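A.B. asks: Here it is: the structure, laid out below.
Values in this text are rule-based calculations from the coordinates and carry no lab data. Bear in mind that the values here come from a model prediction, so they are computed numbers and not experimental data. We place every Cβ from the backbone using ideal geometry, glycine too, and count neighbours over all the protein chains shown.
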Amino acid sequence: MKTILVPTDFSEVAAKALMMAKRIAKKTSSKIHIANFYSIPVADYSYPEISMPGELLEGMRKASEEGIAALEMELKKEGFVVETTLGMGMATDEIVALSTKIDADLIVMGTTGSSGIINKLIGSNASHVMQRVEVPVILVPYEYGGEDILRIVYTDSLKEDDTPVLRKLFEFADSICALDVSILNINTSGHYEPVDTALVDRLNAAFGDQKIKLNFVDADNIKEVIDAYLALHKIDLVVMSTHKKTLLQRIFTASNTRMMALHSKVPLMVYHK
C-alpha cells in the first residue's frame with residue numbers, strides 16, 4: 001500500500017476518518033492524500049458560478065485552503081508524507097476521478113458530514129463513491145474512537161469463490177498487524193441451506209485451515225445479527241465485497257431507509273470483486 005486518499009469536509013467525522021487513515025499509514029508506511037471539494041446546494045450544479053455570488057465562492061475557497069493547509073502542517077509534524085488536493089465541484093465525481101489520478105490504494109471516508117450550509121460532502125456521498133471506485137473503501141462512523149484494527153470480520157454468503165478478495169484482505173490484515181480475521185456466514189433464506197463444502201475446502205487449501213475461521217449464524221435481520229456479533233467478538237472492522245448477490249447488496253437495497261454503514265459503530269471496509 002502506497003497511497004491513502006482521505007476526502008474531508010473538515011467535520012468531526014472527517015477527522016475520525018483521518019484518524020483511521022493515520023493508524024493505517026503508520027503501519028504500512030503509506031502516503032496520506034487529503035482532498036477537499038467545496039460546494040453548496042444550488043439550483044443548477046452545472047453552472048455553480050452563476051448560482052452563487054463570487055464573494056461567497058471566494059470565501060469558501062479561502063476557508064478550504066486554510067483547512068487543508070492546517071491538516072497538512074499537522075500531519076507533516078507527526079511525520080507523515082502528505083499530498084493535498086483542493087477544488088470546487090461535486091464531491092462524488094471529484095473523489096472518484098482523483099482516486100484514479102493519484103492511483104490510490106485505499107479511500108477512507110466518514111459516514112456523515114458537517115452541519116450547516118456546507119454539509120453532507122462526506123456522508124451523503126460515501127455510498128456513491130463506494131459503488132463507483134475500484135479500490136477498497138473504509139467508511140468510518142462518528143463513534144470511531146481511534147483504536148487499532150486488531151479484529152476483523154469478513155461477511156460472506158459462501159456461495160461464490162471469494163479467494164481473490166480474501167487474499168487482498170489477509171494481505172491488508174498482515175500489513176496492519178491485525179490479530180484475527182474471521183469469516184461470518186449469515187443464512188437469511190428462511191430455511192436451512194447447506195454450506196458449500198467444496199468452497200470451504202478451496203478456501204482452506206488456499207489459505208490454510210488455521211487462517212480460515214468460519215462462523216455460521218441463522219437470522220432474519222442481517223443488521224441486528226451483525227451488530228450482536230460485533231459486540232460479542234469486539235470487532236474493529238467489518239469487511240464486505242460488492243460482487244453480485246452478496247450480503248452487501250442485500251443490506252444496501254432500496255428497501256432499507258438507510259445504509260447499515262451509516263448506523264454501525266464499527267468501520268466498514270468494502271472490496272470490489
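A.B. asks: Extension gain LEU179-GLU160, at 0.36 nm per residue separation less the Cα-Cα distance, in nm?
C.D. replies: 4.3 nm
A.B. asks: Also: Can you list the residues, at least 5 places off or on another chain, whose amide H is less than 5 Å from the amide H of LYS2, using H built in the peptide plane?
C.D. replies: Distant-sequence amide H within range of LYS2: ASP105.
A.B. asks: Using the number of other C-beta atoms within 10 angstrom as an exposure proxy, rank THR3, THR111, THR242 with the fewest first.
C.D. replies: Fewest to most other Cβ atoms nearby, the residues stand as THR242, THR3, THR111.
A.B. asks: Once R0 is set to 41 Å, what does the formula 1/(1 + (r/R0)^6) return for the Cβ-Cβ distance between HIS128 and ALA198, expressed as a FRET efficiency to the nearest 0.05?
C.D. replies: Plugging the Cβ-Cβ distance into 1/(1 + (r/R0)^6) gives 0.65.
A.B. asks: Related question: Counting other beta carbons within 10 Å of each residue's own, what order do MET130, MET73 fall into, fewest first?
C.D. replies: Least to most surrounded, the residues fall as MET73, MET130.
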